[in-house]
1. In this structure, is residue C:117 more than 9 Å from chain B (Cβ to nearest Cβ), under 17 Å from the mean Cα position of the chain (by Cα) and touching a residue at least 12 places away in the same chain (Cβ under 8 Å)?
2. Looking at (1) on the phi < 0 side of the Ramachandran plot; (2) touching a residue at least 40 places away in the same chain (Cβ under 8 Å), find the lone condition where residue C:105 falls short.
3. Determine whether residue B:939 is within 14 Å of chain C (Cβ to nearest Cβ), in contact (Cβ under 8 Å) with a residue 24 or more places away in the chain and touching a strand residue (DSSP E or B) at 6+ places or on another chain (Cβ under 6 Å).
4. Please enumerate the residues belonging to the range C:10-60 that are in contact (Cβ under 8 Å) with a residue 40 or more places away in the chain, at the interface with another protein chain (Cβ under 9 Å from one of its Cβ atoms) and surrounded by fewer than 24 Cβ atoms within 10 Å (Cβ to Cβ).
5. Among the listed residues C:228, C:243, C:278, identify the single one that is within 14 Å of chain A (Cβ to nearest Cβ) and touching a strand residue (DSSP E or B) at 6+ places or on another chain (Cβ under 7 Å).
6. What about residue B:195, is it closer than 30 Å to residue B:227 by Cβ and surrounded by fewer than 19 Cβ atoms within 10 Å (Cβ to Cβ)?
7. Tell me yes or no: at least one residue of the range A:16-24 is at positive phi and not in a loop (DSSP other than H, G, I, E, B).
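The values are calculated or read from the model by the stated rules, or taken from the named source; none is laboratory data. Please read these numbers as outputs of a predicted model, since none were measured by experiment. Here the Cβ is made from the backbone with ideal geometry for all residues, glycine too, and neighbour counts use every protein chain on show.
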């Protein structure tokens, strides 16, 4: 079970949280202006990286706040957590885990 | 059985406390402090079980958690029987009944041993090559036969009377393993004041010190140092000592899980004690001090009962005062067995030591065994005996590998030592990278990923003085201290060995059966066969041969298999790699893992405020999400059908009362509340006046319906939102997601009020008559309080939000009061309603009534692929709003096709057949399979009001098929049904105004 | 290829098994192939097998970054069934089951397909409605699936607790008798051996590091850790790593990769006769030929490539198992592991062409890929060979996420209202 750091409450066990998937995918200002393909990309396409992932978490059974976190999806180590609206911190991952591994 | 092999003195057993248990029905004498294994050996029992595949006789190989052979069924009384317990880990307890496994008719005479004769056929992977002819025989014959032969013990078949509990803990330093390294680490860490937990899988803390009879630490006998260390630690308030506790899993972010065996060793445990306690520890730092596993040596027939690990011989002699044999031959490729031989000799046993190393390679350890018969530069070619070893066949080997004359060394026990494998399981589970040490022929911890450090033998350190110093430094460092300490140990620990694979033999290696994985009967030649067939990855070898996949997970065998692979491929071990270690370190009961999670604690049961009233009045309940809801209220002699018919009639003709409290409720407040709802719902909200309600469908961004409910505007900045019973949490989460992450500029709070408000639905033509006398300050007249209005006021002096809404089609009210007052209000209404025949009704009647009117239930009439238009509710979707959640998706090409499945009504043509919910619909029953299906029945009920069954269905292009006849599946075939609009009773919806309704469709 | 037969087995037994050849060669990659499959699991190796067998494409290679079968093929709980709801899914999985039924003979490799029946429990009214919907849809699609009362379910699976007093009593069950399990590794090895015998190069320890495209956008080859390879057709069967591989060609995928855990108990004598699933309480259990109870858990909630999940996920599953089978609390978990499952928004796979010419993808199987292996491999081979989908995989396009024509089995199973 992960230990997730809520920027408001501190480190808490994962079962207090809900993970909301990839972060920094803003809802388009004017959805009707988007093509079907662009709208599908917004709704469904995800970077799903093997390495550092910016993701949304909500401290569901705590303060209830959404926040963002950076986590390495190979080691599951958190590199940062930050409030909604704050820019993604510049964290460089260890080189051996950030490379795009593929079969 | 008498204790024929108990030594006259020595050991840590308590000779003043004898006890008895039984093995295969025969009494075994033991002392407190024995394990079942040590007691069996003390009683002269060698044969302890049969192997998995060949059913070969097997004895006790080890003295600890790595035991592959001696797996027993243990019976602690009714419901307390379980299989596959390692005799080396089960403490001898009065009254235990233990039994060997995997044989028929008996341990001594097992017909399964025929497999041993067939072993030339039954090699690794033979299953894949055969049992294919004829094809039908696999299911009927081969597989059942294979299954019957496989498995080890017998699964429990009775419910377990024992309890299991969980404990969560935090600490600064968790030390796993209480041998010399762990004890030193715990002491060093504890001295700093850090909160320390020290856990060890054994009954007694001490590890290898428990059988250390010669070494002195800082001038004191090791046992004395051990006693002092334990006393020191026990006296400290910041230290928790956990014997009988196995750390089995190292999970993310220093989450370590341990299982503590609380009562298995007690003959008569207090009834309030749990059997096991699962510790979930979040440790700031972990010190791993888990020691090492000795490896046996591979030679032909190295698996006979009586052949065990060299160090295990030493443990049985020193710790348990047991002679595993009277005449013992040690075979070793390293120094540590010399100490074992010396201790056995000191105990008065006949000892021979065979060293596979040449004489020149032997160091100071030689001095330990003065007077012992000592053969160097020898190999072992085989063993004699069947159910017990009677001798080892040895021969000298020249420097260039020539094998000389054989000698059989008679013995009743052999101690093998092929070196030591550090126990890196937890380190590897923590995702640390292993590094290979050629001198140890084993992996040791390399770079760390989590906050842990390994000390002592598990890190490849085997000299006792070094172990203690390393443990101390590690414990201190884990507690952020740089304290270091040296320990003086005399005499020095004999260390060092020469890695060997299979012992040299002059026999055809393709025929020699030298066992590596004892439990799964994997031999060295099986590994070579796998390699020959192209299985070169260590994982492939493992899977093809099953080596290392038994209950011991290869603790004694993995390195040997890896070594053979390395040799065969001529690649160094690090290039072959090792398999990843995964939890659990040793098998863990399901009970410990689940803890108290049974029955109601498996999932919490939610009960509405009127639950008790319903239970007292005979309600039958159904599970809806976590809730338990009153399903129907049968009276004497009624089945569900009759009860529902009666309840429906009461609502249509008089008045019914229903507990709707499980509806989700969310209070949406703030200056931007209306704007927020306008974005969340597809319909318009800005102009809804306070005091009015509106029905809303909620879409996800993909355009599909995911919840619905009535929303009331209490005030310009306050909305009372209702959701489906199961949907409340996800609707609130959905709202919060948009509020916090997409529209943080909106000034809105969304608060769950589901538990705050009880909801009493009072429905039927006489609802107003029942309600009016109880309401203090709300004008209930139709003019003042029309359908879809909300009023706040008081009922019986209690504040209420009173809704004029209907999910039944009848005139009705939903009375929201604070949950604490619900029962008083409910009972008053029931009393007031008595003259009108007021009838409590359950969810089934609610379903029938709403279906008669064609109202949908989200999740029943929708399934996550349904749009508002599919439901015939396209008119609710605002065309004017530029945006709302789901709007863009509704414009995708496939969302507007005319052949989408649309909600319609179905009436069976015979007027009698009740369709099954889930039944499929076709246009033509004579078409070949696979048939073209048009849709399915979503809701179907027998309707008393309509005098016939009615159903709702999602049908492709359904609205264009009104009046068509379609065919619906039944358990035996099809029945014809006519497509109608989905409203069967009072289709104009007049009855909500209390006016006598029009007739039905039918 | 040396055929497996009673004769060959006995003669090798006399020969101390010295004569068995490698089941697949260990070739070095050639500079060019007619087609390359990325990913040596059951889907990728199966596709190679059918490309060679049915489409005559033998100058092809399967590139596997580790050892074949090391991904989800070797980490699943081996459940096989075809009683899916939607026509599209039912056709795909039934195609697979039909191939399973002859696979041991087809491959001359005993994959131990055991049709012991898959029992799916209903625990509430909603489950009953949903399962009947499945049963009827399956009937009209010619797929066996029958509705059982709780007593009938208990008769089929005697260990089952059908007491009305448990938290979620069993209200009935759907049974597909033709469903069951197979030996997962054997499927991988059997396809590898069969493909290899027809000339397919199976190249292990060969990670693809780049996908090259020509001026027209079509693929021209790949770079690997074992050198560059020219090819005009690339089939991606990389399960959890699909997003990464497709990223090499510049294609963003509607996929997320989650940890999925499973575990086995210690082996015991036969005590569990079938496969049993309960979506409502979340439990999947069967007993292997070795005697282990094989138990599947759910996914963790976050994207991860670690092949390791939290204990609380496993715990939740064992909670459910012990609720249904209270006699199992004294059984012991012997081994647990994790896989990386690639999940699509509608929980159905993607099998077909991509926006890049010559690049084909087979992914998004989530928790259900093993059962589909032969069927998926078969239609994927067709797609690669003909540059057009087989009718069975035609609905499983990448484009459906744009048009909205989703195949949402998860939604159809829905959640309790």
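1. no
2. Exception for residue C:105: condition (2).
3. Criteria met by residue B:939.
4. C:25, C:26
5. C:243
6. Against the criterion (closer than 30 Å to residue B:227 by Cβ and surrounded by fewer than 19 Cβ atoms within 10 Å (Cβ to Cβ)), residue B:195 does not qualify.
7. yes
Yes/no matrix, rows are residues, columns are (1) touching a helix residue (DSSP H, G or I) at 6+ places or on another chain (Cβ under 9 Å); (2) part of a helix (DSSP H, G or I); (3) within 7 Å of another protein chain (Cβ to nearest Cβ); (4) in contact (Cβ under 8 Å) with a residue 24 or more places away in the chain:
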residue: B:552; (1), (2), (3), (4): no, no, no, yes
residue: B:559; (1), (2), (3), (4): yes, yes, no, yes
residue: B:578; (1), (2), (3), (4): yes, no, no, yes
residue: B:581; (1), (2), (3), (4): yes, no, no, yes
